[in-house]
Each structure stands twice: as structure tokens, then as C-alpha cells.
Amino acid sequence: MAALRDRVVIITGASAGIGEATARRLARKGALLALAARRRDRLDALKQSIEAAAGAPTGQRVLAVQCDVTSPEDRRHLVRSTQDAFGRIDALVNNAGYGHRGPVEMVPIDDIRRNFETNVFSLIALTQLVAPVMRAQGGGRIVNVSSVAGRIARPLSSVYDATKHAIEALSDGMRIEMAPFGIRVALIEPGYIATEFMEVANAVSRPVLDQAGPYAPLLANYEGLSKKWKRAAGRADQIAALIEHAVSSPRPHIRYVAPAHAYASLFLKWLLPDRLFDYLLVRFTGVSPEKLRREARSAAAAPPGRSST
């Protein structure tokens, strides 16, 4: 506990899922928290829950800041408020983000821009605000929540996966750039975690998913697989434990991975040639390119107003 006692940590995307689990975990270890998210009601409820768990008011230890990370003014307000409340910033956990689903051909370019704005550009902008503060203090931690998707691109998720690939590259560069100033950078790479992430992804992607055209068989098969994924899902607190280590360890790891299926996926990606790994992805989805082409030709040949099925 001593390693985190009175350490000031900003957590974005703190109102649910991994962000919420991280807030609860770090609060138990004595950290001073600035919790940022768009949903004010969820933030206030989380703060009250942390206070109740502590058995005493923690108004001076937990700061709840309503913040849209894509807003420059909200980002500046978050950093100013944290400094005003606690006098310093020891760690930034860049956790805010969401995923857009669908084939690249059919995802509107504005939706792709919005996904990058939230997941990548906002992370860069907030880091740019916090890094000078940490440098003046003589050090700090920046923990970027990436994903196994940052190293393995998947069909129907390539827009989101591209944002996580970008975070991987940014973090690798930042780690070396900031090391001379005592700022350590770590990556968190979760696999499939039981949170509301998939429900949000489906909601924002619904216009594309409902008009999938020739990709409909692939999407339908993915929907069927989602129940199997849920059975293998890890818990948000497993990832929160990794974030705790990244924030508190004197020598944090460069990358943290959990749960077990995430390790297995990355090992296979490292071990196998690209074409063989692609073959496994095709087998996993259950829809081969040949089957997809056959169904597309069948749909195109069907008389107007009649289904090919």
C-alpha cells in the first residue's frame, strides 16, 4: 500500500468497466484520484461508493470531473482541477475509448475519424498536458490502456484495432522519449473482458451492422460467436491489478497482458507465419472467403424482391 499512498492518479473513462475497477482498487491502496468521464451521475455514484467502502468521507481524496476527452477545454479543466485539488500529478491512466465495428468498406469515414479522435488524438492531447507537469516534478507514470487488438487485427474490428495499433506505436516512442525525465510509460493489453464495451460498440455501429450487404454472413456468424467469447471473458479487476502494478512498481513492465486467452493469442501471433495465422482467424470465424463469395454471388443473382435464402 505504501507505494500508492497519496499518489495522485488521473483515470479517464472511470465511470464503468476497467476504469471503475481501477478507481476502486487504487482507492483501497490509498491513492488520491481524479476520476474523469462524461457521465456525471455514474462518477458521483462511484465517488459515493468509494467513500462508503472507506467508511469515512473522502472528499479530499477523490475528485470527480465530468470530462469529454475529445474536448480541449474539458482536458485542460481536468488537468487544472487535479493540480488545484492535489498540487501534483503522479500518474495518468489513459483508459477512455470505445470500438467501432464493421467492414472498413462500409464504415463512414466520419465514424472512423471520431473513433480515432477519442481513442488516439485525445490520448495524445491529454498526455501533452500532463507530461510537462511530470517533468517539472522529476517524474511520473503514463499508463495507456491498449488491447490485444493493438497487436492482432481482426476482421470487422479493424477500425478499432487500428486505433489500438496506433497507441502501441505512440507508447513505444514515448517510453524512450520521456525516460530521461523520469517519466515511465507502460501499455496494458487486455483480451476480452466482461464489461459494457461490446454493448457500446454494437450501439454505435448499429447503422453499419444493419446494412452489411455482402458482409452480412460474416457479421451474422460473429454475432453467434459472441456468446462463446463471453464464456472466456476475464474480469475488469484483473486488468485493474495490472494497472496498479504499472502505476506503483519502481520498474513497471513495458507491456501487461491478461487474461490467459490474451497470452495464447499473442503467442500464436508471434509463433505462426501470417498466412497460417490468417487461416486460424478464418476457421475461428467460421466463414471462409469462398463461402462469403458464394453467398454474395447468390444474393446478387436473386430476383428483385426475393431472398436468396
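The values are calculated or read from the model by the stated rules, or taken from the named source; none is laboratory data. Every value quoted in this text rests on a predicted model; they were computed, and no experiment measured them. Cβ: placed from backbone, ideal geometry, glycine included. Neighbour counts: every protein chain shown. Each accessible area value is taken on the protein alone, full model and side chains, heavy atoms only, with ligands, DNA and RNA left out. Shrake-Rupley method; radii C 1.70, N 1.55, O 1.52, S 1.80 Å.
Assuming a ≥ b ≥ c are the square roots of the Cα gyration tensor eigenvalues, decide whether region 42-138 counts as rounded (a/c under 1.5), prolate (otherwise, with a/b larger than b/c) or oblate.
Oblate, because a/c is 1.5 or more while a/b does not exceed b/c.
Report, to the nearest whole %, how much of the accessible area of the chain belongs to carbon and sulfur atoms, 1.4 Å probe, protein only.
C and S atoms contribute 56 percent here.
When you take every Cα atom in the chain, what is the radius of gyration, and what is Dmax, the widest Cα pair distance, in Å?
When restricted to Cα atoms, the chain yields Rg and Dmax of 21.1, 72 Å.
Apply the Karplus curve 6.51 cos²θ - 1.76 cosθ + 1.60, θ = phi - 60°, to the phi angles in region 15-22 and return the couplings in whole Hz, x for Gly and Pro.
So the Karplus estimates, Gly and Pro as x, are 7, 7, x, 4, x, 5, 4, 5 Hz.
Got a sec to turn the phi values of region 125-137 into Karplus ³J(HN,Hα) couplings, 6.51 cos²θ - 1.76 cosθ + 1.60 with θ = phi - 60°, whole Hz, x for Gly and Pro?
For region 125-137, the Karplus curve yields 5, 5, 4, 5, 6, 7, 4, x, 5, 5, 4, 5, 7 Hz.
Label-point separation (nm) for residue 267 and residue 80, each offset 7 Å from Cα along Cα-to-Cβ?
5.1 nm
Could you list the square roots of 5 times each eigenvalue of the Cα gyration tensor of region 177-262, that is, the equivalent ellipsoid semi-axes, sorted largest first and rounded to whole Å?
35, 16, 10
For residue 38, what residues show an amide H to amide H distance below 5 Å, using hydrogens built from the backbone and excluding near sequence neighbours?
67
Solvent-accessible area per residue for the chain at a 1.4 Å probe radius, Å²?
50 Å²
Non-local amide H neighbours of residue 62 (under 5 Å, H modeled in plane, Pro and chain starts lacking H): which ones?
For residue 62, whose amide H was placed from the backbone, the distant partners under 5 Å are 33.
Efficiency by 1/(1 + (r/R0)^6): what FRET value for residue 212 and residue 176, r their Cβ-Cβ distance, R0 = 45 Å, to the nearest 0.05?
The formula returns an efficiency of 0.60 here.
Between residue 73 and residue 110, what is 0.36 nm times their sequence separation minus the Cα-Cα distance? Round to one decimal in nm.
In short, 11.1 nm is gained.
Just to verify a number: FRET efficiency for residue 49 and residue 5, C-beta to C-beta distance, R0 = 22 Å, to 0.05?
It comes to 0.60.
Using the Karplus curve 6.51 cos²θ - 1.76 cosθ + 1.60 with θ = phi - 60°, work out ³J(HN,Hα) for each residue of region 86-91 in order, rounded to whole Hz, and write x for Gly and Pro.
For region 86-91, the Karplus-derived couplings read 10, x, 6, 9, 8, 8 Hz, x marking Gly and Pro.
For residue 140, what residues show an amide H to amide H distance below 5 Å, using hydrogens built from the backbone and excluding near sequence neighbours?
Correct list: 183, 184.
With a 1.4 Å probe and all protein chains in place, put 168, 51, 105 in order of accessible area, largest first.
So the residues, ranked largest to smallest area, are 105, 51, 168.
Between residue 154 and residue 283, what length in nm is gained on full extension when 0.36 nm per residue of separation is reduced by their alpha carbon distance?
Length gained between residue 154 and residue 283: 45.2 nm.
Between region 82-117 and region 151-188, how far is it from one alpha carbon centroid to the other, in angstrom?
That distance is 13 Å.
At a Cα cut-off below 15 Å, give the aspartates and glutamates reachable from residue 29, other chains included and same-chain residues fewer than 8 away excluded.
6, 20, 51, 90, 237, 244
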